[in-house]
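No value in this document is a laboratory result; all are computed from the given coordinates. These numbers come from a predicted model, not from an experiment. Glycine also receives a Cβ, built like all others from the backbone with ideal geometry; neighbour counts cover every protein chain displayed.
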Amino acid sequence: MDRFIFSFLLATTLLPLTAHGEAPEDVTLIAEANEIETQIDAHAADSVAALRLRLERKQILSNTDTNDLTIIDTLDSGNEALRVILYSNNTWKYILDREVARDSTIFEKYWDTTTLFPYREVDLSELPQSIVIELLDSVTSYHCPYQGTIHPNGKFGPRRRRQHQGIDLPLKTGDPIYATFSGRVRISRYNYGGYGNLVIIRHDNGLETYYGHLAERLVEANQWVEAGQIIGLGGSTGRSTGPHLHFETRYYGRSFDPERLIDFKSGVLCRETFLLKKSFFSIYSNAGQDFDDEIANEEQDQREIAEQAARRYHTIRRGDSLSSLAKKYGTTVTNLCRLNGIKPTTVIQTGKSLRVR
Ligand SMILES: [Zn+2]
């Protein structure tokens, strides 16, 4: 197995810090516990039970929007990597000092501020069947990227032979878009492949979130961001048929359904710990997003709506026949049969409705 992946998986399982900011000691403790676990089966069973508990569904609300607040003080936490920030409305939160707590595994390896998919050389067949990903700990908070209803055609997965790598959330141009978790901006640029103004953030657990079609980008590549920080304004740039946020969640470049993590309608995060299974990845997902799907779906929908609107019906009266109706509506018996799924020999009944166009 690639040494990077291995240490990476270890890192993601060991990542959680305690609420009291004693991260280094805790990590050592957990590492020691893991060593013991490999020797004692009973202990391993305990940890599976604990993991199961952590994987349960939760309802985690977005953290307070601090974008309009001013910071009134910054305090030491007792851990040099953590600072406590006090805001003007008396709320507070932990902020990780990225210079102290720099993670070279996640934020330097495969770090590319121009290429959308930098993981191509990673052999994903080496990836285990399932990976435990910590979404939240005492420092990593959450904010819904955009609370709204997913467009009926904007769900993740295949639709009409094409593959949608994310979800589409209709919005008003200029609506704020938030960083889902804290992390570092890997990409902030205009993408000519269809995303338009695109921001990609890599998070502490290795997940990446993609925010496409933005009217405006408010962050730069390599910048550290906090969950809930406004990273851009929603729009319709790139290959888009109307203002919406195209949102993707990826791990090692592979996309999976963001609805596994977030209920966008209520804005809640569904879990603290996520068991990402290899089977969640779509077979196309190591490739880029093909925005033709969104355009094609929209065009097909419009054709269907137009066709629906153009339909005409006739209520059959005594004396009507297929041939007299074909003549009356300027069509053919064959056409009438096709539209109604009947045969030329079918006896049409008075009072029933017949589609004539
Ligand atoms: Zn989309």
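Per-structure values
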{"read-out": "Per-peptide average of other Cβ atoms within 10 Å, ordering 47-56, 163-172 highest first", "value": "163-172, 47-56"}
{"read-out": "Estimated dipole of segment 122-228 in Debye, rounded to 20 [Cβ of Lys and Arg +1, of Asp and Glu -1, Cα centre]", "value": "660 debye"}
{"read-out": "Gain in span if fully extended, Lys277 to Ile72, counting 0.36 nm per residue against the direct Cα distance", "value": "69.5 nm"}
{"read-out": "Ranked by how many other beta carbons lie within 10 Å on average, peptides 248-254, 72-78, 350-356 from highest", "value": "248-254, 350-356, 72-78"}
{"read-out": "Computed magnitude of the charge dipole of segment 311-355 (debye, nearest 20; Cβ of K, R +1, Cβ of D, E -1)", "value": "120 debye"}
{"read-out": "Under 29 Å from Lys109, Cα to Cα: lysines that are on another chain or at least 8 residues apart", "value": "Lys93, Lys277, Lys278"}
{"read-out": "Spin-label model distance (nm) - Leu124 vs Glu304, 7 Å beyond Cα toward Cβ", "value": "2.9 nm"}
{"read-out": "Per-pair calculated FRET efficiency, R0 = 51 Å: Arg355 and Glu99 via Cβ, rounded to 0.05", "value": "0.15"}
{"read-out": "Unit charges on C-beta of K, R, D, E only; dipole of segment 189-328, Debye", "value": "780 debye"}
{"read-out": "Furthest towards positive pole of dipole, Gly330, Ile342, Tyr313, structure part segment 311-355, Cβ charges", "value": "Tyr313"}
{"read-out": "Anchor Lys172: lysines whose Cα lies under 24 Å away (excluding residues fewer than 8 positions away in-chain)", "value": "Lys155, Lys265"}
{"read-out": "Relative packing of peptides 227-233, 331-337 - highest average C-beta neighbours within 10 Å first", "value": "227-233, 331-337"}
{"read-out": "Proximal lysines relative to Lys343, as straight alpha-carbon distance under 27 Å, when same-chain residues fewer than 8 apart are discounted", "value": "Lys327, Lys328, Lys352"}
